[in-house]
C-alpha cells in the first residue's frame, strides 16, 4: 500500500513538472536525484558489491524498465490526464502474464488468475477506447503509457532472470545512475531557457526521492520475495491513489468510463491474486536464485 501511494503520486508530480520542464529533463532529474539519495545507503550496506560484473544487464534494465518507460509516461501525460496515466500503467501485470507464457513458466497465469488478466485487459481497453476522448493525440499518449507498462513487465522478468544476488538498494542505485546517463543528452537538448518555477522544482525533487528512489527499492524487494507477477499487482492499487490525487488536487474528471475501467482492473487484481486477500495468502516458498532481500 505504501508503494502504491508513492507511485500513484508520481503522476501528479509529473503533471506539475511538465509545466516548466520537458519529459526528458524530468526523467533525468528524477533518476539522478534518486541515485544520489540512495548512494550513501548503498555504500554503507555494501550493496554495490558484484555489480561491476553485471554492468551489461544493469544497462538493459535501466533502458527497458526506467529510462524508456519514464520518458514514455512523461510524454504521454502531455496529452492525457495524470489519473488516466496512472490507471493505464495497471496493464503491467497483464504484460507480465502474457510474456511469462514464453519466458518464465513460474509466473504463468492459470484458472482464476487468468480470468483476472482478462478482466484487467477489458478495463484497459475500455479506458483507452473511451476515456481518452477519441482524439488522436490523446490516443497516442495513452499508447505511450501502455508501451511504458510493457517495459515495466519486461524489466521485472529480466531482473529475476539476470540480476539475482545483489541487494535491491544497490540495483536501484546503479540503475537510476545509468538511466540518468542514458537520458542526459536528450535532457540537455530540451533544457529550459529560464529557471523553472518553485512548484515544478519541488514536484520533481519529491518525484526523484520518494516516487523513484524509495519506491523502486520497495518494488525490487517485492520481486525478491513474491516474484514479478505478484509484485506487479501494485500497479492495480496505485491507480486508486492517482485518481484521488488527480481529482482532488488537479481538478481532473472522474467519468463513468473511468469508474467502469477501474472496477474491471481492480477485479483483475483480486482474481490475479487467486481470489484471496493478502493476509490470507500462504507465505511463498523461497525460490533458488531469486534476488536477495536487503
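The values are calculated or read from the model by the stated rules, or taken from the named source; none is laboratory data. This is a predicted model, so every value here is computed, not measured. Virtual Cβ from ideal backbone geometry, glycine too; neighbours counted across all protein chains shown.
Quick notes
- Among the residues of the range 1-36, the ones that are part of a loop (DSSP other than H, G, I, E, B), modelled with pLDDT under 95 and surrounded by 23 or more Cβ atoms within 10 Å (Cβ to Cβ) come to 0 in all.
- Note on the range 225-245: residues that are more than 13 Å from the chain's Cα centre (by Cα), farther than 12 Å from residue 96 by Cα and surrounded by fewer than 23 Cβ atoms within 10 Å (Cβ to Cβ) amount to 6.
- Being in a helix (DSSP H, G or I), free of Cβ contacts under 8 Å to residues at least 60 places away in the same chain and within 24 Å of residue 260 (Cα to Cα) is a property that does not hold for residue 127.
- The range 160-170, residues that are out of contact with any helix residue (DSSP H, G or I) (no Cβ under 6 Å at 6 or more places or on another chain) and surrounded by 15 or more Cβ atoms within 10 Å (Cβ to Cβ): 164, 166, 167
- Qualifying residue in the range 185-207 (condition: out of contact with any helix residue (DSSP H, G or I) (no Cβ under 7 Å at 6 or more places or on another chain), at negative phi and buried (at least 20 other Cβ atoms within 10 Å of the Cβ)): no
- Which listed residue, of 39, 43, is touching a helix residue (DSSP H, G or I) at 6+ places or on another chain (Cβ under 6 Å), farther than 24 Å from residue 154 by Cβ and part of a helix (DSSP H, G or I): 39
- Check on residue 177, touching a helix residue (DSSP H, G or I) at 6+ places or on another chain (Cβ under 6 Å) and buried (at least 24 other Cβ atoms within 10 Å of the Cβ): no
- With respect to (1) in a helix (DSSP H, G or I); (2) crowded, with 16+ Cβ neighbours inside 10 Å, the lone exception for residue 259 is condition (2).
- Test for residue 53: is it surrounded by fewer than 18 Cβ atoms within 10 Å (Cβ to Cβ) and touching a helix residue (DSSP H, G or I) at 6+ places or on another chain (Cβ under 8 Å): no
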